[in-house]
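Some notes on the structure that comes next.
The values are calculated or read from the model by the stated rules, or taken from the named source; none is laboratory data. Because the structure is a prediction, the values reported are computed rather than measured. Please note: Cβ atoms are built from the backbone with ideal geometry, for glycine as well, and neighbour counts cover all protein chains shown. With ligands, DNA and RNA removed, areas are computed over all heavy atoms of the protein, side chains included. Shrake-Rupley method; radii C 1.70, N 1.55, O 1.52, S 1.80 Å.
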Amino acid sequence: MNAMTDLRLMTYSEAIREAMAIALEADPTVILMGEDIGVYGGAFQVTLDLIDRFGPDRVMDTPISELGGAGVAVGAALTGLKPIFEFQFSDFAMLAMEQIVNQAAKLRYMLGGEASVPVVFRLPSGSGTGAAAQHSQSIEAWFGHVPGLKVLQPSTPEDAKGMLLAALADPDPVMIFEHKLLYKMKGEVPAGHYLTPIGKAAIRREGTDVTIVAGSIMVHRALEAAEKLAAEGISAEVIDLRSIRPIDHATILASVKKTGRLMVVYEGVKAFGVGAEISAMVSESEAFDFLDAPILRLGAADAPVPYNPDLERAAVPQVDTIEAAARRLARREV
Amino acid sequence: MNIPFAIRTYAPEILREALKRMYLIRRFEEGAEDSYMRGLIHGTMHLSIGQEASAMATCIELGDNDKITSTHRGHGHCIAKGADVGRMFAEFFGKETGYCHGRGGSMHIADVKTGNLGANGIVGGGLPIAVGAALSAKRLGRPDVTVCFFGDGANNEGAFHESLNMAAVWKLPVIFVCENNGYGMSTSTARSTAVKRIADRAAGYSMPGVTVDGNDFSAVAEAVHHAIARARAGEGPSLVENLTYRWRGHSKSDRNRYRTKEEIAEWMERDPIARFRAELIAHGVLDEAGANAIETQAQAYVEAGIEFAKASPAPGIGDVTRYVYAEAQG
Ligand SMILES: Cc1ncc(C[n+]2csc(CCOP(=O)(O)OP(=O)(O)O)c2C)c(N)n1
Ligand SMILES: [Mg+2]
């Protein structure tokens, strides 16, 4: 089979939609649930037209009841269905923390392995849309703190599709944080059914001087920064984290041993975030002795996401800030 | 003579089994309390002594495919749904042979095989889950219904309102059974709840709501019977409110400072087991000797269950992270 002929150029949101269509087609126990995901197509149009193909029993509009809706998905998953539950914005998952954290994540454990909760939560997240503090957050790290959950962040259309299919094949609850600014991004996507392995990071660019670990949209910003740095002779390796829980220690450690310099870039608030976890993990490992400079974290400002576009841009890592930080790190100016 | 609903409706052996399970619940709770005093059980517990008719009469028509979601006060529901008291004690003793392999304890007691999706440490936590289980039944074309137990305290959680609304909008086969024992910890329903009857809240979600004497086996069985029939016929959810009372404190930390001894004594006069037993004898379902035999049998099960639990192995310390995720296949 010629892989090239199987690759189509499609957007991130089309890739997610294709994954859902494949799953709905192949498995009668798969259902979609969420607010306005039917004829409206979802707030970001990700489920557009699926209701026409699969009907309102499989593409279910829920009332504006995040706690109850997520809980219904959990109960359905516990008893034979495989729901894909869309939060309209990841921020609204906070209304459903009870069901996600106390119930979905813990049921298998509390019941001693006698129950399984194969639910998938889809969460449009991130800033850059001018939607301000309650519609722009990046809270994926919160869920990294919860045993029982799996937490994914696709950065490409190919991964967005493969991760959703992998999440559906997984017997445990999976949260997929999709980035709103990536929905329109195009990329090559394989046809048919395939799985992106959960818990495996991807090296998006090889380099020798500094390791940049990033997730979601930050991968693209890091790649752009790396390209600029290359012109100055600084070789950055860019690792797409892909999965926050489980986290791919091996790929990160191997890269740090090679470059001796590590920077973690993420859109969540810098304090207590993904960067802290990765930094600590490296410090506790055998890779510590390979470090030639302190580990740098680049995260969001210690503030809610602001409305003003200039402030909003300034609040989270951008290509220029990543580039500058990586340069300082490479030159040992930190 | 007026023949009570349960006597008219269920075969004598079913009724005798129900009485046995009610005794089993009572003796189980006493056994758990005693084991706690002896240090065999740690943590905390919420006993359902005094609420046995509510649990058993609600479950009398349910099969293993029908589901229940339960509460922190869930031992009675678990037994009424068909669980084995030995494995329950084993769970409370933290043993590997327990229903949850020692990971759940009293507050998460479950028996998925008999349809008990689990007690819950979160007030109101089981409500949306029950609606989800009913959604599964409807989508997968299964005839089973889901009974959702919850307390009067839970009716003020947002999850209650969201769940009733969705169940009604989607006409799901779920029966919401509120065990109104008058208090959420120390707070009486009068102080916590704007409506006099919690069943009145059903009207807000266009479903039938009825309040019954939760210590009257027949009254509960009849109300739930109609709700189940409605659910199985595809007509949607119902709310049944069982007025009852817990004889013991809320949990092990309760010093009973919010209610009077007289109130407790008054409710103990309305013992649901004694009432059901007398009813069965009055209608010739069994005689005094038969009832005594059932009671003795329940006691023997509980004693054997405690022995089983004591003799069971504890989980290995190295297995602390087992069951967090599904184990890798092959
Ligand atoms: C969300 C939540 N809030 C508070 C508690 C603490 N708590 C446990 S049981 C309980 C009272 C519940 O009352 P009710 O629902 O009437 O049940 P009952 O104990 O009377 O059976 C409270 C406040 C809890 N477990 N979960
Ligand atoms: Mg109560």
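About the Cα centre of the protein assembly as shown, what is the dipole size in debye to 20, counting +1 per Lys and Arg Cβ and -1 per Asp and Glu Cβ, all else neutral? Could the numbers behind the result be given before it?
Values: 66 positive and 82 negative charges, 74 e Å.
The dipole magnitude comes to about 360 debye.
Only bridges with both residues in the range A:202-330 count here: give the DSSP antiparallel percent, nearest 5. Don't skip to the end; give the middle numbers.
Working: 3 of 16 bridges.
The antiparallel fraction comes to roughly 20 percent.
Got a sec to turn the phi values of the range A:30-35 into Karplus ³J(HN,Hα) couplings, 6.51 cos²θ - 1.76 cosθ + 1.60 with θ = phi - 60°, whole Hz, x for Gly and Pro?
Values, residue by residue: 7, 9, 9, 9, x, 7 Hz.
Note down the relative contact order for the range A:6-190 as a percent, whole number, built from C-alpha pairs under 8 angstrom at least six residues apart. Before the final figure, lay out each step's value.
On the way: 382 pairs, mean separation 52.8, N = 185.
Averaging sequence separation for qualifying contacts and normalising by length gives 29 percent for the range A:6-190.
Along the range B:34-43, what does the Karplus equation 6.51 cos²θ - 1.76 cosθ + 1.60 (θ = phi - 60°) give for ³J(HN,Hα), rounded to whole Hz, x for Gly and Pro?
5, 5, 5, 4, 7, x, 7, 10, 10, x
Using Cα atoms only, what is the angle between the long axis of helix A:66-78 and the major principal axis of chain A, expressed in degrees (0 to 90) to the nearest 10?
Roughly 80 degrees, rounded to the nearest 10.
If each DSSP helix of 4+ residues adds -39,500 (n - 2.57) and the sum is divided by the residues in chain A, what number results at 222 nm, nearest 500 deg cm²/dmol?
Here the helix-only value at 222 nm equals -9500 deg cm²/dmol.
Please give the helix A:12-26 orientation as an angle from the longest Cα principal axis of chain A, in degrees from 0 to 90, rounded to the nearest 10.
40 degrees
Using the alpha-carbon centroid of each, what span in Å lies between the range A:118-137 and the range B:1-18?
Spelled out, the Cα-based centre of one part sits 56 Å from the other.
What is the ratio of the Cα radius of gyration of the range A:6-190 to 2.2 N^0.38 Å, with N the residue count, to two decimals?
Here the Cα radius of gyration is 0.95 times the empirical estimate.
With +1 on each Lys and Arg Cβ and -1 on each Asp and Glu Cβ, and nothing else charged, work out how big the dipole of chain A is about its Cα centre, in Debye to the nearest 20.
The calculation lands at about 480 debye.
Take the Cα coordinates of the range A:202-330, assign each an equal point scatterer, and use the Debye formula without solvent to give log10 I(q)/I(0) at q = 0.15 Å⁻¹.
Values, matching the q order: -0.62.
For the pair B:ASN292/A:ARG8, report the inter-label distance in nm, with labels modelled 7 Å from Cα in the Cβ direction.
About 8.0 nm, to one decimal.
From the phi of every residue in the range B:160-171, what ³J(HN,Hα) in whole Hz does the Karplus formula 6.51 cos²θ - 1.76 cosθ + 1.60 yield, where θ is phi - 60° and glycine or proline is x?
So the J values, rounded to whole Hz, are 4, 5, 5, 5, 4, 4, 5, 4, 6, 4, 9, 6.
Need the per-residue list for the range A:97-120: every residue with at least 40 Å² less accessible surface in the complex of protein chains than in the chain by itself, probe 1.4 Å, sorted by number.
The answer is A:GLN103, A:ARG108, A:TYR109, A:MET110, A:LEU111, A:GLY112, A:GLU114.
Relative to the longest principal Cα axis of chain A, at what angle does helix A:274-283 sit, 0 to 90 degrees, rounded to 10?
Between helix and principal axis, roughly 50 degrees.
For a Förster distance of 56 Å, can you work out the FRET efficiency between the beta-carbons of B:THR187 and B:ALA233, rounded to the nearest 0.05? List each step's numbers first, then the result.
Details: r = 37 Å, r/R0 = 0.67.
E(calc), rounded to 0.05, equals 0.90.
Treating only the Cα positions of the range B:230-272 as identical point scatterers, give the base-10 log of I(q)/I(0) from the Debye formula at each q in 0.16, 0.21, 0.29 Å⁻¹.
Debye curve over Cα of the range B:230-272, log10 I(q)/I(0) at q = 0.16, 0.21, 0.29 Å⁻¹: -0.59, -0.74, -1.09.
What does the helix-only formula give at 222 nm for chain B: each DSSP H stretch with n ≥ 4 adding -39500 (n - 2.57), the total divided by the residues, and the result rounded to the nearest 500 deg cm²/dmol?
Details: 12 runs with 142 residues, N = 330.
Roughly -13500 deg cm²/dmol at 222 nm, from the helical runs in chain B.
Shape call for chain A from the C-alpha gyration tensor, a ≥ b ≥ c root eigenvalues: rounded (a/c under 1.5), prolate (a/b greater than b/c) or oblate?
Prolate shape, in that a/c is at least 1.5 and a/b is the bigger ratio.
Over the whole of B:151-159, what's the average partner chain Cβ count within 10 Å per residue? Rounded to a whole number, please.
Per residue, the average neighbour count from other chains is 2.
Provide the net charge surrounding B:GLY125, with neighbours chosen by a C-beta distance below 12 Å and charges set as Lys +1, Arg +1, Asp -1, Glu -1. Numbers along the way, then the final one.
Details: positive: A:LYS106; negative: A:GLU98, B:GLU157.
Residues near B:GLY125 contribute -1 overall.
Please name which of B:VAL302, B:VAL220, B:ASN256 has its Cα lying farthest along the dipole of the range B:174-307 towards the positive end, using unit charges on Cβ (Lys, Arg +1; Asp, Glu -1) and the Cα centre as origin.
B:ASN256
Among B:ALA137, B:MET107, B:ASN120, which residue has its Cα positioned farthest towards the positive end of the charge dipole of the range B:25-152, with +1 placed on the Cβ of Lys and Arg, -1 on the Cβ of Asp and Glu, and the dipole taken about the Cα centre?
Looking along the dipole axis, the top candidate is B:ALA137.
Rounded to the nearest whole Å³, what is the per residue volume of the convex hull around the Cα atoms of the range B:42-276?
109 Å³
Would you mind telling me the antiparallel percentage of the DSSP bridges in the protein assembly as shown, rounded to 5?
20 percent
I need to check one value: relative contact order of the range B:42-276, counting alpha carbon pairs closer than 8 Å and at least 6 residues apart, in percent.
Numbers: 510 pairs, mean separation 54.0, N = 235.
Normalised by residue count, the contact order of the range B:42-276 is 23 percent.
Near the amide H of B:THR211, under 5 Å away, which other amide H atoms are found, from residues 5 or more places off or on another chain, if H is placed in the peptide plane?
Residues meeting the criterion, in which the H sits 1.01 Å from N, are B:GLU241.
Could you check which residue among A:MET185, A:MET163, A:MET218 shows the biggest mean-square fluctuation in a GNM of chain A with a 10 Å Cα cutoff?
Comparing A:MET185, A:MET163, A:MET218 in a Gaussian network model of chain A, the most mobile one is A:MET185.
Would you be so kind as to identify which of A:VAL210, A:ALA76, A:GLY299 lies farthest towards the positive end of the dipole of chain A, taking Lys and Arg as +1 and Asp and Glu as -1 on Cβ and the Cα centre as origin?
A:VAL210
As an exercise, identify the trypsin sites (Lys or Arg not before Pro) in the range B:234-284 lying in DSSP coil whose Cβ has no more than 14 other Cβ atoms within 10 Å.
Here the sparse-neighbourhood loop sites are B:ARG255, B:ARG257.
For the range B:214-276 and the range A:236-262, write down the distance between their C-alpha centroids in whole Å.
Their Cα centres are 58 Å away from one another.
Using a Cα-Cα cut-off of under 14 Å, which aspartates and glutamates could be cross-linked to A:LYS270, ignoring same-chain neighbours fewer than 8 residues away?
Within the straight-line limit of under 14 Å, A:LYS270 reaches these aspartates and glutamates: A:GLU140, A:ASP302.
Given labels modelled 7 Å from the Cα in the Cβ direction, how far is it in nm from B:SER206 to B:ARG322?
Label-label distance for B:SER206 and B:ARG322, simple model: 5.0 nm.
Could you check which residue among A:GLY273, A:GLY233, A:GLY260 shows the biggest mean-square fluctuation in a GNM of chain A with a 10 Å Cα cutoff?
A:GLY233
What distance in nm separates the simple spin-label points at B:VAL195 and A:ALA314, each placed 7 Å from Cα in the Cβ direction?
For B:VAL195 paired with A:ALA314, the spin-label model returns 5.3 nm.
Stick to the Cα atoms of the protein assembly as shown, pair each with every other, and give me the Kirkwood hydrodynamic radius in Å at one decimal.
26.9 Å
Amide H of A:MET33: which non-local residues (sequence gap of 5 or more, or other chain) have their own amide H closer than 5 Å, using H built in the peptide plane?
Residues meeting the criterion, in which the H sits 1.01 Å from N, are A:MET60, A:ILE84, A:PHE85, A:GLU86.
Long-range amide H contacts for A:VAL151: which residues qualify at under 5 Å (H placed 1.01 Å from N, peptide plane, sequence gap of 5 or more or a different chain)?
The list, which skips near neighbours in sequence, is A:MET175, A:ILE244, A:ARG245.
Over all directions, the average projected area of the alpha-carbon convex hull for the range B:93-172 comes to how many nm²? Write down the numbers at each step before the final one.
Working: hull surface 23.6 nm².
In nm², the orientation-averaged hull projection of the range B:93-172 is 5.9.
Report the trypsin sites (Lys or Arg not before Pro) located in the range B:191-237 that are in a DSSP loop and have at most 12 other Cβ atoms inside 10 Å of their Cβ, or state none.
B:LYS196
If you place +1 on the Cβ of every Lys and Arg, -1 on the Cβ of every Asp and Glu, and leave all else neutral, what size is the dipole of chain B about its Cα centre, to the nearest 20 Debye?
Its charge dipole is roughly 700 debye.
What GluC sites (Glu not before Pro) in the range A:215-319 are in a loop by DSSP, with at most 14 other Cβ atoms within 10 Å of the Cβ? List each step's numbers first, then the result.
Details: sites: A:GLU224, A:GLU227, A:GLU232, A:GLU237, A:GLU267, A:GLU277, A:GLU284, A:GLU286, A:GLU312; in loops: A:GLU232, A:GLU284.
Sites meeting the loop and neighbour criteria: A:GLU232, A:GLU284.
Between B:ASP319, B:ASP200, B:ASP144, where does the largest GNM mean-square fluctuation fall for chain B, given springs only between Cα atoms within less than 10 Å?
Among B:ASP319, B:ASP200, B:ASP144, the largest GNM mean-square fluctuation belongs to B:ASP319.
If you count, for every residue in B:132-144, the Cβ atoms of partner chains within 10 Å of its Cβ, what is the mean?
Partner Cβ neighbours, averaged per residue: 6.
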